[in-house]
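Here the structure is laid out as structure tokens; the discussion comes afterwards.
Throughout, read-outs are computed from the coordinates displayed, never taken from laboratory work. Predicted model only: the values in this text are computed from it and were never measured. Neighbour counts are summed over all protein chains in view; Cβ atoms, including those assigned to glycine, are modelled from backbone coordinates with ideal geometry.
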Amino acid sequence: MTEKWNLSAAPESTSHVELQDTYHLFINGEFRKPKSGKYFDTINPATNTVIATVSEAGKQDVDDAMKAAEKAFPAWSKLDGKERGKYIFRIARMIQERSREFAVIESLDGGKPIRESRDVDIPLAAAHFFYCAGWADKLEYAFPNRSPKPLGVAAQIIPWNFPLLMAAWKIAPALACGNTVVLKPAETTPLTALKLAEIIQEAGLPPGVVNIVTGAGETGAAMTAHPIPKKLAFTGSTEVGKFIYKAALDGNKKVTLELGGKAANIIFDDAPIEAAVEGIINGIYFNQGHVCCAGSRLFVQETVYEEVLSKLKRRMDTFIVGDPMDKNTDIGAINSKAQLKTIEEYLKIGREEGAEIYQPKCNLPKTGNWCAPTLFTNVAQSNRIVQEEIFGPVLAIQTFRTIDEVIDKANNTPYGLSAGVWTDKGSKIFQLTQALKAGVIWANTYNKFDATSPFGGYKESGFGREGGIHGMEAYLKFD
Ligand code: NAI
Ligand code: MG
């Protein structure tokens, strides 16, 4: 076993963070008590203690939010694109100015390592607002001769794995295109969206242009069933995505769905192995594996299998798992007790299916939700741990001999969100990017995101694209 570096604790300070004990709904530019009279707690998954109490929006509250968005739409959509852009630029700058506060809240509420929220989530969220702001007065150039027009009110429902970033992916393009929105963050991670609401209020955005309601599935269902929104945008499980698709059909609404995944990460024997090992690690253990595009199925060419496996294990042995607020932490807390239970169930299923399990020794904290990084070898294509999305730090490894074989194996999944290819040969990369049924394919890298680049899936991973001008198109109609 490799020696771990014996690093002293380096916890990020939380003293600069302003949190309230109780959060209300952000409707029509103000924070309002829920008419439902109901509240729920949001928990810190690293300690299982309550951080704050949050409003649960009922049908009446959702109705109020939709009406506020509808009322705000005519003026917002007619506002000169340059003026709309100024508001969005202002939001982007304010996220940057308060990025440390956002990062700390994201890690407290969701359990992800502070290094990731600080270096990935928050800067990318700001980047999406900057990017879309720049297009607000140039839609005619982005979509020449097509007379782009906004849709109206968008109802947007987001998950708990990248809370602020998903809010940015949804809100920024909608606003830039002249729509108004009602957004619901996930029930385990509402705090950064509520912080964003404070910023939006401070930025002086006209009341009702952005409304943020909190709650769980019932609140989400009230949003998608509501007659006002012209567009539903959802990121989350394929199961809930199917309900949302049905609601969109019933209500004759436009819809984009960004659902689950079970991505193939493919290592050829001519790949730079050290870099590939880092790519495998980043692909599956980033954000505790709570990533829709996680490289959860690893395919290694047989000739380099032993080398890759031993290097991978050696690298896993160095992982620091624990306090998300510590700047040295590689793997933080599992987002919720429910998600931990799901992951543990899959670990059991994997063993029962006859797979061999490897977990490095790590000192998991006594309280909170934790799962050691895991890999399974000796798995078959038909195994549930190979077919189903686990959404945790769990990798299933298979081998292959030829390109055709790995293409068949990689495409043997109901999903099609992303894939990774590691090889020295450009020709192989091009062959695979043609043959793999996945919306995003990374070559000699993994989990790279950029506001200018579209992201989205095939098959049960959903449809529609977010990011780039493709992402804006989903919030427009054309003559
Ligand atoms: P989920 O799909 O239930 O939650 C996502 C969002 O949908 C949350 O805001 C939730 O409140 C809302 N929601 C739930 N039921 C709804 C309904 N009937 N109508 C409208 N909105 C509704 O995801 P969950 O249960 O937290 O996670 C279960 C599994 O889903 C995970 O294990 C993972 O496999 C997958 N997942 C995938 C994500 C992705 O980014 N593709 C994100 C989150 C979960
Ligand atoms: Mg929480």
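At 222 nm, what value in deg cm²/dmol follows for the chain if DSSP H runs of at least 4 each add -39500 (n - 2.57) and the sum is divided by all its residues, to the nearest 500?
Values: 16 runs with 185 residues, N = 479.
Rounded to the nearest 500, the figure is -12000 deg cm²/dmol.
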Fill in the blank from the handout: For the chain, longest principal axis from Cα atoms; helix 337-352 axis from its Cα atoms; angle between them, nearest 10 degrees, is 30 degrees
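Within 10 Å of each candidate Cβ there may be at most 16 other Cβ atoms; applying that plus a DSSP loop requirement, which GluC sites (Glu not before Pro) in the range 1-61 survive?
Working: sites: 3, 12, 18, 30, 56; in loops: 3, 12, 18, 56.
Filter output for the range 1-61: 3, 18.
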Practice task
Go through 207, 174, 308 and say which Cα lies farthest out towards the positive end of the charge dipole of the chain; charges sit on Cβ, +1 for Lys and Arg, -1 for Asp and Glu.
Solution key: 207
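Using the crude model of +1 on Lys and Arg Cβ and -1 on Asp and Glu Cβ, and no other charge, please compute the dipole size for the chain relative to its Cα centre, in debye to 20. Show your work: numbers first, answer last.
Working: 54 positive and 56 negative charges, 233 e Å.
It works out to roughly 1120 debye.
Kindly flag which residue pairs out of 262/337; 428/459; 38/149; 184/341; 138/246 have an alpha-carbon separation exceeding 29 Å in this structure. Display every interim value, and only then the final one.
Values: 262/337 22 Å; 428/459 24 Å; 38/149 38 Å; 184/341 24 Å; 138/246 34 Å.
Over 29 Å apart, Cα to Cα: 38/149; 138/246.
Among DSSP beta bridges lying fully in the range 264-443, give the percent that are antiparallel, nearest 5. Kindly include the intermediate steps, with their values, before the conclusion.
Working: 3 of 24 bridges.
The antiparallel proportion sits near 10 percent.
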Problem - Vicinal HN-Hα couplings computed from phi for the range 101-116 (Karplus, 6.51 cos²θ - 1.76 cosθ + 1.60; Hz; Gly/Pro x) - result: 5, 4, 4, 5, 5, 4, 6, 5, 7, x, x, 7, x, 4, 4, 6
Completion exercise
With DSSP loop assignment and no more than 16 other C-beta atoms within 10 Å, the trypsin sites (Lys or Arg not before Pro) in the range 111-195 are 138, 146
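R0 = 45 Å: FRET efficiency of residue 270 with residue 327, Cβ-based, nearest 0.05?
Working: r = 36 Å, r/R0 = 0.80.
Efficiency computed from Cβ-Cβ geometry: 0.80.
Which translational diffusion coefficient, to the nearest whole µm²/s, is obtained for the range 1-143 from the Stokes-Einstein equation, given a Kirkwood hydrodynamic radius over C-alpha pairs, 37 °C and 0.692 mPa s? If you can, show how the numbers build up before the last one.
Values: Rh = 18.4 Å.
In µm²/s, the coefficient is 179.
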Problem - Separation between Cα centres of the range 389-460 and the range 144-172, rounded to whole Å - result: 26 Å
Exercise for the section: May I ask what percent, to the nearest 5, of DSSP beta bridges between residues of the range 1-143 are antiparallel? Expected result: 80 percent
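With a/c under 1.5 counting as rounded, go ahead and sort the range 52-205 into rounded, prolate or oblate using the C-alpha gyration tensor (a ≥ b ≥ c being the square roots of the eigenvalues; past the cut-off, prolate if a/b is larger than b/c, else oblate). Write out the running numbers ahead of the final one.
Numbers: a/c = 2.10, a/b = 1.33, b/c = 1.57.
Taking the square roots of the gyration eigenvalues as a ≥ b ≥ c, the range 52-205 is oblate.
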Completion exercise
Projected onto the charge dipole of the chain (unit charges on the beta-carbon of Lys, Arg, Asp and Glu, signs +1, +1, -1, -1), the Cα from 102, 329, 219 with the largest positive-side position is that of 219
Completion exercise
With Cα coordinates, the longest principal axis of the chain makes an angle with the long axis of helix 163-176, in degrees rounded to 10, of 50 degrees
Handout entry: ³J(HN,Hα) computed for each position of the range 456-466 - Karplus, 6.51 cos²θ - 1.76 cosθ + 1.60, integer Hz, glycine/proline x
Key = x, x, 10, 6, 6, 7, x, 8, x, 10, 10
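Give me the Å³ per residue figure for the convex hull around the C-alpha atoms of the range 299-376. Provide the component values of the computation, followed by the final result.
Values: hull volume 8.8 nm³, N = 78.
Once divided by residue count, the hull of the range 299-376 is 113 Å³.
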Problem - DSSP beta bridge pairing in the chain, given as percent antiparallel to the nearest 5 - result: 30 percent
Handout entry: Kirkwood-based Rg to Rh ratio, the chain, C-alpha trace
Key = 0.97
Completion exercise
For residue 216, placing the label point 7 angstrom along Cα-to-beta-carbon and taking the range 237-252, residues whose amide nitrogen sits under 11 Å are none
Completion exercise
Between the Cα axis of helix 59-78 and the main Cα principal axis of the chain, the angle (0 to 90°, nearest 10) is 70 degrees
Practice task
Quick one: dipole size for the range 248-359, taken about the Cα centre, charges +1 on Lys/Arg Cβ and -1 on Asp/Glu Cβ, in debye to the nearest 20.
Solution key: 520 debye
Handout entry: the range 39-108: C-alpha gyration tensor shape, a/c 1.5 cut-off, then a/b vs b/c
Key = oblate
Handout entry: For the chain: relative contact order, % (alpha-carbon pairs under 8 angstrom, 6 or more apart)
Key = 18 percent
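Given 0.36 nm per residue, what is the gain on full extension from residue 387 to residue 349 after removing their alpha carbon distance, in nm? Mind dumping the intermediate values first?
Details: separation 38, 0.36 × 38 = 13.68 nm, distance 1.20 nm.
Once the chain is fully extended between residue 387 and residue 349, it gains 12.5 nm.
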Practice task
At most 14 other Cβ atoms within 10 Å and a DSSP loop assignment: could you name the chymotrypsin sites (Phe, Trp or Tyr not before Pro) in the range 434-479 that fit?
Solution key: 478
Problem - the range 309-352 versus the range 42-77: alpha-carbon centroid distance in Å - result: 31 Å
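Can you give the direction-averaged projected area of the convex hull of the alpha-carbon atoms in the range 264-443, in nm²? Before the final figure, lay out each step's value.
Details: hull surface 39.4 nm².
Mean orientational projected area (the range 264-443, Cα hull): 9.8 nm².
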